[in-house]
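Notes follow once the structure below has been shown.
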Amino acid sequence: MKITDISLQARDKNRVNVSVDGKYRFSLDVFQVGELGIKIGREYTEEEISKLEDDSQFGKLYARSIEYCLMRPRAIKEVRDYYLRRKTLATRRRSAKTGKIIERSGVKPEIAERVLDRLIEKKYLDDEKFARFWFEQRFMKKGASIRRLKLELAQKGIDNATIESLVKENIRSDDEELRKVIAKKRYRYSDQQKLMQYLARQGFSYDDIKKALENPND
């Protein structure tokens, strides 16, 4: 089997279409062409062509995953269990031309795992960086108890050592955070009991909430 044509895609100048024996077979990112040594006239076995098709899937998913990771810091667990796992599932859509249901298989799980490994290797995924981002967003800006924050980070797959290290760096107390949240949220609740329930959901203890509400200027 011989590579007979390599041409830039009209819609995406970062990808090329590759034809084998005169027919389109797969596409690759431009950087993959040099990386894989793809050249017109080079011959491959069917097994080697199949491997290049896997590389095509890898290139597409890797590029999209980078965009996903650049939107905001992501936890490794989030990308693996939510984003990449969905990409391995088959999808169904209705053709606009024929009205028929078209089913498309997902990427191979091993390709998704390969993408995850590359994202970690290239530092697009970093659990400590994510944890610091989450800490700032939930604690420094929105207000949350240390207990709530620890639980959230653990659910995101952050290891306990990283969580404890960030907590030790924190210079704010739960009392300070609680008063900050009360000041921001009090006007939304005419019923103090509902305000207390909201604060409890943020991880603050009932005794601390009661004390802060009874003595707002302490």
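Numerical summary
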| read-out | value |
| --- | --- |
| Selected residue (only one of THR88, THR45 is touching a helix residue (DSSP H, G or I) at 6+ places or on another chain (Cβ under 7 Å), among the hydroxyl-bearing types (Ser, Thr, Tyr) and at pLDDT 90 or above) | THR88 |
| Residues (modelled with pLDDT of 80 or more and either of a type in the set (S, T, N, Q) or not in a helix (DSSP H, G or I) (or both)) located in the range 193-217 | GLN193, GLN197 |
| Number of the exception - LYS77 against (1) farther than 24 Å from LEU116 by Cα; (2) in contact with a Lys or Arg (Cβ under 8 Å, 6 or more places away or on another chain) | (1) |
| Failed item, numbered, when ALA10 is tested on (1) assigned to a loop (DSSP other than H, G, I, E, B); (2) surrounded by 12 or more Cβ atoms within 10 Å (Cβ to Cβ); (3) among the hydrophobic types (A, V, I, L, M, F, W, C) | (2) |
| Sole residue being over 30 Å from PHE135 (Cβ atoms) and of a type in the set (Gly, Ala, Ser), chosen from SER105, SER65 | SER105 |
| Test: residue in the range 23-42 that is surrounded by fewer than 10 Cβ atoms within 10 Å (Cβ to Cβ), of a type outside the set (Val, Ile, Thr) and touching an Asp or Glu at 6+ places or on another chain (Cβ under 9 Å) | no |
| Leading residue by the ranking (farthest from the chain's Cα centre (by Cα)) among those in the range 8-35 that are among the aromatic types (Phe, Trp, Tyr) and under 18 Å from TYR62 (Cβ atoms) | PHE26 |
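The values are calculated or read from the model by the stated rules, or taken from the named source; none is laboratory data. Being a predicted model, the structure only gives us computed values, none of them experimental. Here Cβ is always computed from backbone atoms with ideal geometry, including for glycine, and neighbour counts include all displayed protein chains.
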